[in-house]
1. Which one of these is outside any helix (DSSP H, G or I), hydrophobic (A, V, I, L, M, F, W, C), out of contact with any Cys (no Cβ under 6 Å at 6 or more places or on another chain) and farther than 29 Å from residue 355 by Cα: 201, 247?
2. Which condition number does residue 142 fail, the rest of (1) farther than 26 Å from residue 314 by Cβ; (2) within 17 Å of the chain's Cα centre (by Cα) being met?
3. Tally time: how many residues in segment 98-120 are within 20 Å of residue 14 (Cα to Cα), modelled with pLDDT of 95 or more and open to solvent by 10 Å² or more (accessible area, probe 1.4 Å)?
4. So is residue 212 within 17 Å of the chain's Cα centre (by Cα) and at positive phi or not?
5. In segment 35-91, which residues are over 25 Å from the mean Cα position of the chain (by Cα) and assigned to a loop (DSSP other than H, G, I, E, B)?
6. Could you tell me whether any residue of segment 154-164 is closer than 27 Å to residue 291 by Cβ, crowded, with 18+ Cβ neighbours inside 10 Å and modelled with pLDDT under 90?
7. Residue by residue through segment 68-103, note down the ones that are out of contact with any helix residue (DSSP H, G or I) (no Cβ under 6 Å at 6 or more places or on another chain), over 13 Å from residue 116 (Cα atoms) and aromatic (Phe, Trp, Tyr).
8. Does segment 136-150 hold any residues that are touching a helix residue (DSSP H, G or I) at 6+ places or on another chain (Cβ under 6 Å) and modelled with pLDDT under 90, and which are they?
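The values are calculated or read from the model by the stated rules, or taken from the named source; none is laboratory data. Being a predicted model, the structure only gives us computed values, none of them experimental. Glycine also receives a Cβ, built like all others from the backbone with ideal geometry; neighbour counts cover every protein chain displayed. We work out accessible area using only protein heavy atoms, side chains counted, and drop any ligands, DNA or RNA first. Shrake-Rupley method; radii C 1.70, N 1.55, O 1.52, S 1.80 Å.
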Amino acid sequence: MNNIYLVDYLGVHCGMHYYLEAFKRVISDITDYKVSILSNYSDDKSEKPFFINQYKGNILKKGFSLILNLNKLRKFVKKHKKDVFIYLTYGNWIDEYFMKIISKCPNHIIDIHEAIAQNVDADLSLKNRFKELYSQKITNVVSHSSRTEDFLNEYGYGYGYGYGGFRFHVPHFKYVFPKDYDLNIIDEEIKAAPEKDRINVLFFGNLSEAKGVDILMESLNLLPYEVTDKLNVIIAGKDFDGTVRRVQIKEGRRIKIFSRHISDDELRYLYQHVDYLSLPYRKTSQSGILEMAFYFKRPIIASDVTYFRKTLEEFPSFGVLSGNSPDEYAKTLSEITKNHLTAVYFSDADYARYENRKEISQFKTELSEWLKNKDLEDSLLQKLE
């Protein structure tokens, strides 16, 4: 039996294991291939993780772990060149090295979460190196948004040296993990974070300028007390660039900040005990946080960036679209407090369409055809040999 390997170095470090499991389920539905995950956790409890978690320890340990991971992947790809490798990229500088290794396999697909990381998208040197990769080495890609399409066109993907085989288009896959949690292992401060008598708004994920955590915080400063007194804002995630520390919150605002890794059980607890998810992003190509909100049926308060706007145009009952400035976001929060008891979210019609998105069905069909063509080519090559 042939193999498909889903390759990802982030894994449990920041919740990508949820996406990997969802992706694996989709692929397993359409093919006889054996689908395995190569990450820093094991999808088969009897086996060790493929990668070392390269985000643990001091800087020397992290660097050594990265080198070990790259060497292990290089040997594995060389040994399994006839199999299919699907690599998740985030546009970080280390992705360049992983992608060069993956590109050595003829049957590779790059699943693009970011064509270049949001915090370095002004780095012309890195952008040029990605341009060289996509135009000369990468053959097949998965695109999740128009932002990614724009980068691929800028990079010259599909226009250089005969490369650029196929662009798969698909939204973020629907999550399938259990929603229950173990209260015994949840931090007491997390348990106490939601307040029953107030409207609970959660900002979850990397606390960074690109994600607009400062927009949310500054918007609270602009609201009068009679509005903020109705709100309880929870900010939870890793401090990515210090943005969360640069905004001084005015007295009387109910805001709780957990600047650290949030465990799986804490994540599930928070999502089930809040009313809204705050997504005041300045830019994004796709969002696992948005999909998580929909999975728990929590409406989003999203900034007017293309990905969010198109999502809410397709599923209008899934949340509220806001402007991109603190002033506009404050107005949106004020409107939400007024309409909270009467607003109706997640209509049956919208959720039925979300559960059966035609784009995912189309992706299954296209991937199935791609695999059949690959098998046919492999068979012909074997006969010629």
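1. 247
2. Tallying (1) farther than 26 Å from residue 314 by Cβ; (2) within 17 Å of the chain's Cα centre (by Cα), residue 142 fails exactly one: (1).
3. Qualifying residue count for the region: 0.
4. Yes; evaluated as a whole, the condition is true for this residue.
5. 46, 47, 58, 80, 81, 82, 83 - these are the residues of segment 35-91 that are over 25 Å from the mean Cα position of the chain (by Cα) and assigned to a loop (DSSP other than H, G, I, E, B).
6. Scanning segment 154-164, I find at least one residue that is closer than 27 Å to residue 291 by Cβ, crowded, with 18+ Cβ neighbours inside 10 Å and modelled with pLDDT under 90, so the answer is yes.
7. Correct list: 76, 98.
8. Across segment 136-150, the qualifying residues are 145, 146.
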